[in-house]
Amino acid sequence: MRTHIRCGTLFTGLTDRADADQTIVIERDRITQVVPTAGAPRAAPDDKVIDHSKEFVLPGLIDIHVHLSYGNAQANEDIDIYGSTEFRALRALHAAQLVLKAGYTSIADPASTGYCTVGVRDAINAGMFQGPRITTSGRQLTGHQGLGDWYPDSIGVPDSSIGVLVRTPEEAIEEMRLQVKNRVDFIKVTVDGLHRNPATSELMASFNQEELDVIVKESHRLGRKVITHARGREAVLYSARAGVDIIFHAFEIDDECLDAIVKSGSILSPALTFLANTILFTRPSDPCYKWRPSMNRRDIEVACEGLIKARKAGVPFMVGTDSGFAITPYGEWHAKELEIMVDYLGFSPGESLRATTSVNAGLLREGKNVGRVAAGALADLTVVRADPLQDIKSLQQRENIAAVYLGGKEIAVDPPGKVTTYQWEHSFRQWNETYTRDRVAELAR
Ligand SMILES: [Zn+2]
């Protein structure tokens with residue numbers, strides 16, 4: 001038995017264009033043919049014909065930056081401390097299902113609590129639960145100047161953290177070998193994120209060039225790609241020179257960085273959705289209101305300049321959103337990064353869609369079996385009641401997602417029920433102010 005899907009418009013993910021009136025033929029979980037409907041094979045009596053002739057069909061969408069174990073975190077303590085690892089793994093499965101319902105059939109998780117996401121990936125792959133295809137790292141390797149080592153020394157980087165402190169190349173090698181034993185798909189390293197050098201006001205890298213070279217070389221020897229968190233110039237430069245596969249953020253790059261990126265063939269993935277949402281949605285009652293939106297506005301302004309140059313230089317981009325925070329909840333904003341790439345970075349809608357399908361697939365376990373509508377590929381499809389080539393924003397409206405297919409099987413896209421959260425699952429801040437007599441008087445004015 002075969003399934004014939006009639007597509008009004010088909011975007012295969014392999015070019016920036018779409019074609020009208022195409023038919024996809026599916027056998028079991030794979031696509032066997034993609035042909036114009038006029039010349040499509042006749043359906044046999046026991047074949048199934050599905051009519052999407054009024055709709056726009058894309059390869060199942062891919063977000064390579066979804067932190068499944070963060071639980072829509074409101075604070076770093078939520079990410080690292082509250083909620084047991086066991087609870088986090090179950091919550092991560094729920095989060096993964098929310099992302100799938102939004103039309104994202106594959107995701108990558110770059111930094112997870114323990115082996116939560118490895119477990120969720122394996123349970124889904126074993127057929128125990130429905131969920132997207134998952135490619136994941138373990139905990140992210142960090143130094144004292146990297147994201148993850150953000151608590152006082154008396155606490156350090158707890159075992160429950162999404163980061164793991166490696167103080168020497170030897171410790172990094174040991175940690176990577178352990179993670180590979182425990183079957184992570186790639187290695188994530190935070191090369192900066194916290195501290196600026198007072199002499200230069202630049203973000204400081206948490207590893208020097210020699211150390212990062214050792215880490216990347218060992219990861220590649222173990223057959224694992226490396227993703228770095230690198231916002232600052234120094235971290236990006238070291239990452240590119242070390243031959244890192246994918247550089248996240250890359251906000252403060254200069255021409256020297258760009259030359260190194262072009263030479264190394266590293267891919268950039270900025271994740272500007274996190275910044276844009278922070279600017280747009282953070283409210284005066286949120287503790288970070290006073291600093292975060294203005295900082296993120298500056299970050300975006302600086303980032304666009306370098307990222308536009310990189311795009312023009314032919315550097316490939318992958319697409320991710322940094323979902324898993326309170327400002328980027330699961331299943332909500334994955335397609336927004338495409339709008340940002342079009343509006344801020346000068347991508348055409350087709351270019352951004354190709355990036356989030358066939359280009360993003362380059363990181364995944366499934367490789368060329370996903371992110372494209374082509375004979376031999378897995379039958380993962382997202383069907384839309386709009387034309388995202390005309391209006392890239394249309395992918396963000398839940399009502400526009402007409403159907404999602406995973407390996408040829410249709411997934412229910414009904415909005416899931418609300419879940420309750422408990423105080424012990426997350427940190428809390430009891431007051432946003434220090435109520436001195438002066439402050440109380442000020443507030444009364
Ligand atoms: Zn992230």
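Numerical summary
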| quantity | calculated |
| --- | --- |
| Those residues of the stretch 237-260 whose amide nitrogen sits under 15 Å from the label point placed on Asn208, 7 Å along Cα→Cβ | 238 |
| Sequence of Val302, Val191 when ordered by accessible area, the most exposed leading, probe 1.4 angstrom | Val302, Val191 |
| Point-charge dipole on Cβ atoms (K/R +1, D/E -1) for the stretch 61-334, about Cα centre, debye to 20 | 760 |
| Under 5 Å, built H, 5+ apart or other chain: amide partners of Glu55 | Gly8, Thr9 |
| Val35/Arg385 FRET efficiency (R0 22 Å; Cβ-Cβ; nearest 0.05) | 0.40 |
| Fully extended contour minus Cα-Cα distance, from Tyr435 to Ala126, at 0.36 nm per residue | 105.8 nm |
| Largest to smallest principal axis extent of the C-alpha atoms in the chain, angstrom | 77, 54, 41 |
| Whole-angstrom Cα spans of the stretch 193-275 along principal axes, big to small | 36, 28, 23 |
| Gaussian network model of the chain, Cα within-10 Å springs - most flexible of Cys116, Cys304, Cys288 | Cys288 |
| For the stretch 1-65 versus the stretch 157-191, the gap between their alpha-carbon centres in whole angstrom | 41 |
| Inter-probe distance in nm under a simple model that places probes 7 Å from Cα toward Cβ, at Thr421 and Asp259 | 4.7 |
| Dipole of the chain, positive end: most advanced residue of Ser84, Met128, Gly314 [Cβ charges, Cα centre] | Met128 |
| MRE, 222 nm, helices only [DSSP H, n ≥ 4, -39500 (n - 2.57), over the chain, to nearest 500] | -9000 deg cm²/dmol |
| Under DSSP loop assignment and at most 15 Cβ neighbours within 10 Å, longest chymotrypsin sites (Phe, Trp or Tyr not before Pro)-free interval of the chain | 130-290 |
| For the stretch 18-31, Karplus couplings with θ = phi - 60° (6.51, -1.76, 1.60), whole Hz, Gly/Pro x | 10, 10, 7, 6, 10, 10, 9, 9, 10, 10, 6, 9, 10, 7 |
| Cα-projected label distance for Ile81 with Thr15, points at 7 Å along beta-carbon direction, nm | 5.6 |
| FRET efficiency, 1/(1 + (r/R0)^6) with R0 22 Å, evaluated for Leu443 and Arg283 via beta carbons | 0.80 |
| Over 20 Å (Cα to Cα) - which of Lys217/Lys263; Lys225/Lys263; Lys181/Lys217; Lys188/Lys418 fall in this group | Lys188/Lys418 |
| Fully extended contour minus Cα-Cα distance, from Glu366 to Glu399, at 0.36 nm per residue | 9.0 nm |
| When the stretch 302-445 is reduced to its Cα atoms, the Kirkwood hydrodynamic radius in Å | 18.7 |
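The values are calculated or read from the model by the stated rules, or taken from the named source; none is laboratory data. What you are looking at is a predicted structure, and each value in this text was computed from that prediction instead of being measured. Positions of Cβ are backbone-derived with ideal geometry, glycine not excepted, and every protein chain shown enters the neighbour counts. Each accessible area value is taken on the protein alone, full model and side chains, heavy atoms only, with ligands, DNA and RNA left out. Shrake-Rupley method; radii C 1.70, N 1.55, O 1.52, S 1.80 Å.
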